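To start, the structure itself, in structure tokens.
The values are calculated or read from the model by the stated rules, or taken from the named source; none is laboratory data. Note that this is a predicted model, so its numbers are computed, not measured. Counting neighbours? That spans all protein chains shown, and the Cβs are built from the backbone with ideal geometry, glycine included.
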Amino acid sequence: MFKSLAVHNLSIMASKPQRLRHLAESTVLQAAAAKKPRTMTTNAAASDSDPNPMKEAFSKYASYLNDLNDKRERVVKASRDITMNSKKVIFQVHRISKNNKEEVLEKAEKDLAAVMDQHIARLVKELQGTDFWKLRRAYSPGVQEYIEAATLCNFCKTGSLLNLDQINASLQPLSDPSVEPLQINLLDYLLGLADLTGELMRLAIGRISDGELEFAQKICRFVREIYRELLLIAPKMEDSSDMKSKMDVMLQSVMKIENACFSVHVRGSEYIPLLGSEDTSFSLLGVPEME
């Protein structure tokens with residue numbers, strides 16, 4: 001009897017911790033189940049009232065980049081149109097001669113005004129505010145070509161250089177007065193001048209062949225002055241590899257004009273036959289070609 005009572009007591013003592021553990025686990029599960037719906041409801045309410053600020057910021061930034069890329073594509077298209085039509089103006093100026101100077105320059109100025117009104121105006125409209133600093137590389141080639149055409153026309157008409165302030169002033173009427181107007185920067189202007197010297201070299205050689213030595217000598221002095229001034233600036237333009245390469249081309253243009261003017265001055269009527277002649281005994285510089 002005592003033995004069976006002792007066994008019964010031991011079984012009760014052994015099962016009591018298990019019951020307590022089971023009771024504790026049930027209590028924890030019930031508490032967790034009771035709290036879980038309240039937590040989910042609270043998070044859902046917070047999500048509806050307060051959107052994720054990180055997601056919203058990324059959405060705004062993605063929209064900004066998409067708009068900027070679309071604008072860049074339109075700016076590149078406008079720059080190409082400016083380049084193409086500015087080249088037409090340059091080709092028109094090269095048709096100049098002592099007999100049609102006024103007629104050719106009048107046509108060139110009208111074409112240049114059309115480039116301004118149609119294509120540069122479109123570029124200005126796209127580049128409102130300060131976007132023209134962000135997208136400079138997209139429109140720089142077109143601007144440089146326009147500077148080349150505008151300065152070439154101005155030199156043939158007035159014999160002087162069209163400066164950067166005058167070009168930027170001509171852009172003012174195209175801009176909205178309430179925003180910062182498009183301003184061509186100094187680097188693009190100087191790169192355009194570097195290209196101008198090549199066109200002036202071709203113009204000088206053409207004028208020599210037409211017997212206008214005085215005009216060619218005027219071009220020679222003008223190009224030499226541009227090269228001299230840029231030679232002082234170029235070494236300080238460390239961020240422009242384009243200018244350094246163009247300086248070498250400018251030097252070649254200056255030398256070609258100087259040699260052509262010197263040769264025709266020394267040799268006179270023996271200098272180059274008229275363009276189109278099949279006589280190859282004279283070279284561009286007035287020296288027989290080497291075989």
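Go over the candidates Arg122, Arg80, Arg95 one by one and state the one that is assigned by TED's automatic domain parsing to the domain that holds Glu148, farther than 21 Å from Leu171 by Cα and not hydrophobic (A, V, I, L, M, F, W, C). Full working, then the answer.
On the way: Arg122 fails: farther than 21 Å from Leu171 by Cα; Arg80 fails: farther than 21 Å from Leu171 by Cα.
Result: Arg95 is the single residue among Arg122, Arg80, Arg95 that is assigned by TED's automatic domain parsing to the domain that holds Glu148, farther than 21 Å from Leu171 by Cα and not hydrophobic (A, V, I, L, M, F, W, C).
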### Query
Looking at the range 76-96, which of its residues are more than 19 Å from Lys107 (Cβ to Cβ) and of a type in the set (D, E, K, R)?
Lys77, Arg80, Asp81
### Task
Kindly provide the set of residues from the range 182-205 that are surrounded by fewer than 18 Cβ atoms within 10 Å (Cβ to Cβ) and either outside any helix (DSSP H, G or I) or not hydrophobic (A, V, I, L, M, F, W, C) (or both), ordered by number.
Gln183, Asn185, Gly198, Arg202
### helices (runs of 4 or more DSSP H) contained in the range 61-148 and holding at least 2 residues small (Gly, Ala, Ser)
101-114
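Residues checked against (1) touching a strand residue (DSSP E or B) at 6+ places or on another chain (Cβ under 7 Å); (2) free of Cβ contacts under 8 Å to residues at least 40 places away in the same chain; (3) not assigned by TED's automatic domain parsing to the domain that holds Gln128:
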site: Asn163; (1), (2), (3): no, yes, no
site: Asn168; (1), (2), (3): no, yes, no
site: Leu193; (1), (2), (3): no, no, yes
site: Leu196; (1), (2), (3): no, no, yes
site: Gly206; (1), (2), (3): no, no, yes
site: Arg221; (1), (2), (3): no, yes, yes
site: Glu229; (1), (2), (3): no, yes, yes
site: Lys246; (1), (2), (3): no, no, yes
### Query
Among the numbered criteria (1) closer than 27 Å to Lys218 by Cα; (2) buried (at least 16 other Cβ atoms within 10 Å of the Cβ); (3) out of contact with any Phe, Trp or Tyr (no Cβ under 9 Å at 6 or more places or on another chain), which single criterion is violated by Arg122?
(1)
#### Entry: Verdict on Asp176 being touching a residue at least 40 places away in the same chain (Cβ under 8 Å) and outside any helix (DSSP H, G or I)
yes
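Listed here are the residues, each with its yes/no results for (1) under 30 Å from Asp210 (Cα atoms); (2) without any contact (Cβ under 8 Å) to a residue 40 or more places away in the chain; (3) in contact with a Pro (Cβ under 9 Å, 6 or more places away or on another chain).
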residue: Ser63; (1), (2), (3): no, yes, no
residue: Asn69; (1), (2), (3): no, yes, no
residue: Val104; (1), (2), (3): yes, yes, no
residue: His119; (1), (2), (3): no, no, no
residue: Gly142; (1), (2), (3): no, no, no
residue: Ile147; (1), (2), (3): yes, no, no
### Summary
Flagged in the range 157-183 as at pLDDT 90 or above and in contact with a helix residue (DSSP H, G or I) (Cβ under 6 Å, 6 or more places away or on another chain), in numbering order, are Lys157, Leu162, Leu164
